[in-house]
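**Student:** I have a structure I would like to understand better, so I am pasting it below and will then ask my questions one at a time.
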Amino acid sequence: MTLPSDLHARLDAAADAVRARSSRVPRVALVLGSGLGAYADTLTDAVAIPYDAIPGIPPCHVSGHAGQLVLGEAEGVSVAAMQGRVHLYEGHDPGDVVFGLRLLVHLGADVALVTNAAGGVNPELTPGDLMLITDQLNLTGTSALVGPNDERLGPRFPPMNDAFDPELREIAEEGARALGFELRQGVYAGLLGPAYETPAEVRMLRTLGADSVGMSTVLEVLAARHMGARVLGLSCITNAAAGLAPEAPNHDEVKAVAAQVREHFVALLGAILRRLL
Ligand code: HPA
């Protein structure tokens, strides 16, 4: 099938493909990072749609990422979860990387809950910590908004003050408090990857004000804000960033630590969603 060239028409075509399988109108778009995808298995009344059945979403090849959209319900809230995401380092255009998230907003989601596995740049962060993202540094060298702007989707020059919605952050903090969890807070730096950073780069990131570092999320946040969705971001700190621990970061460790915090992560997402009702 040849895709229409304009983004709005491509989103309509993708939305039709989703609606052919599920009539659910999602309220929350959930992007699940490395090792965190299992949350989608907890959704009730779930319908899973492989990315390759949705025109416009590139295939997802990274281990730890399933590559399907799961529409369902959690805590009485309609959720569309991306079980696995597409990364810039796979060679996709920035616009293609965020197409899935744009689709979920196009389908009706007004909250984007983006999650990732991240390295701790702030030495006070420990593997296994959950960090509420307060702000971001887009260090990918590009933007999801490069190219012609479609005013039907959002403005040419969207502001990025309060990119991570203060009210949603308050809700996440309340949820964590109610569960008795410590929820750390900090600034997420998103880099292109796919190599992990050098220790010198990690020192640079700390100087720039980063608390955690990863290879995703920042473009999705730009696209969500462009379309007017409110954003909440959570990092699962899976390792100390390069140079801050004797061992170098590795993807197996990232997936393993993310899997270990699964219970906390699932409980926190539940506490957040419940408060969105
Ligand atoms: N650096 C970049 N991305 C990551 C890391 C890291 O240390 N850990 C998990 N994702």
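The values are calculated or read from the model by the stated rules, or taken from the named source; none is laboratory data. Since we're looking at a predicted model, the values are computed, not measured. Please note: Cβ atoms are built from the backbone with ideal geometry, for glycine as well, and neighbour counts cover all protein chains shown. SASA here: full protein model, heavy atoms, side chains in, ligands and nucleic acids out. Shrake-Rupley method; radii C 1.70, N 1.55, O 1.52, S 1.80 Å.
**Student:** Within the group Leu179, Leu222, which residue is away from the ligand (no atom under 14 Å from the Cβ) and surrounded by 16 or more Cβ atoms within 10 Å (Cβ to Cβ)?
**Tutor:** Values: Leu179 fails: surrounded by 16 or more Cβ atoms within 10 Å (Cβ to Cβ).
Criteria check complete, one pass: Leu222.
**Student:** OK, next. Return a yes/no flag: does region 101-116 have any residue that is among the acidic types (Asp, Glu) and within 16 Å of the ligand (Cβ to nearest atom). Before you say what the answer is, go through the steps one by one.
**Tutor:** Within region 101-116, the first condition is being among the acidic types (Asp, Glu), and the residues that meet it are 110.
Adding the requirement that they be within 16 Å of the ligand (Cβ to nearest atom) leaves none.
There is no residue in region 101-116 that is among the acidic types (Asp, Glu) and within 16 Å of the ligand (Cβ to nearest atom).
**Student:** Separate question: Which of the residues that make up region 19-48 are surrounded by fewer than 22 Cβ atoms within 10 Å (Cβ to Cβ) and within 13 Å of Leu103 (Cα to Cα)?
**Tutor:** Arg19, Val25, Arg27
**Student:** What is the residue count in region 147-158 for residues that are out of contact with any Gly (no Cβ under 8 Å at 6 or more places or on another chain) and either within 15 Å of the ligand (Cβ to nearest atom) or in contact (Cβ under 8 Å) with a residue 60 or more places away in the chain (or both)?
**Tutor:** Looking only at region 147-158, we keep the residues that are out of contact with any Gly (no Cβ under 8 Å at 6 or more places or on another chain), and these are 148-153, 155-158.
Those still in the list that are either within 15 Å of the ligand (Cβ to nearest atom) or in contact (Cβ under 8 Å) with a residue 60 or more places away in the chain (or both) too: 150, 152-153, 155, 158.
Looking only at that region, the number is 5.
**Student:** Is there a residue in region 126-146 that is exposed (fewer than 14 other Cβ atoms within 10 Å of the Cβ), over 21 Å from the mean Cα position of the chain (by Cα), part of a loop (DSSP other than H, G, I, E, B) and more than 14 Å from the ligand (Cβ to nearest atom)?
**Tutor:** no
**Student:** Could you pull out the residue among Ala172, Ala241, Ala189 that is within 13 Å of the ligand (Cβ to nearest atom), within 29 Å of His106 (Cβ to Cβ) and modelled with pLDDT of 95 or more?
**Tutor:** Checking each option against the conditions leaves just Ala189.
**Student:** Inspect all residues belonging to region 160-167 and state whether any of them is assigned to a helix (DSSP H, G or I), open to solvent by 30 Å² or more (accessible area, probe 1.4 Å) and away from the ligand (no atom under 16 Å from the Cβ). Let's see the steps before the verdict.
**Tutor:** Quick first cut of region 160-167, residues assigned to a helix (DSSP H, G or I) only: 166-167.
From what is left, the residues that are open to solvent by 30 Å² or more (accessible area, probe 1.4 Å) are 166-167.
If we keep only those that are away from the ligand (no atom under 16 Å from the Cβ) as well, we get 166-167.
The answer is yes, given that some residue of region 160-167 is assigned to a helix (DSSP H, G or I), open to solvent by 30 Å² or more (accessible area, probe 1.4 Å) and away from the ligand (no atom under 16 Å from the Cβ).
**Student:** So, one more: For Leu276, state whether it is modelled with pLDDT under 95 and open to solvent by less than 50 Å² (accessible area, probe 1.4 Å).
**Tutor:** Judged against the criteria, Leu276 is a match.
For (1) within 26 Å of Ala40 (Cβ to Cβ); (2) not charged (D, E, K, R), each residue gets a yes or a no:
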{"site": "Glu201", "(1), (2)": "no, no"}
{"site": "Arg206", "(1), (2)": "no, no"}
{"site": "Asp211", "(1), (2)": "no, no"}
{"site": "Gly214", "(1), (2)": "yes, yes"}
{"site": "Val218", "(1), (2)": "yes, yes"}
{"site": "Val221", "(1), (2)": "yes, yes"}
{"site": "Ala245", "(1), (2)": "no, yes"}
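**Student:** So, one more: From the residues in region 183-209 that are within 21 Å of the chain's Cα centre (by Cα) and more than 27 Å from His92 (Cα to Cα), which one is most open to solvent (accessible area, probe 1.4 Å)? Let's see the steps before the verdict.
**Tutor:** Within region 183-209, the first condition is being within 21 Å of the chain's Cα centre (by Cα), and the residues that meet it are 183-197, 205, 209.
When the remaining residues are screened for being more than 27 Å from His92 (Cα to Cα), the result is 183-186, 209.
Working: Leu183: 32, Arg184: 51, Gln185: 85, Gly186: 4, Gly209: 33 Å².
Step by step, filter region 183-209, then rank; the result is Gln185.
**Student:** Every residue in region 230-247 that is more than 13 Å from the chain's Cα centre (by Cα), within 22 Å of Leu183 (Cβ to Cβ), open to solvent by less than 40 Å² (accessible area, probe 1.4 Å) and of a type in the set (A, V, I, L, M, F, W, C), please.
**Tutor:** Ile237, Ala240, Ala241
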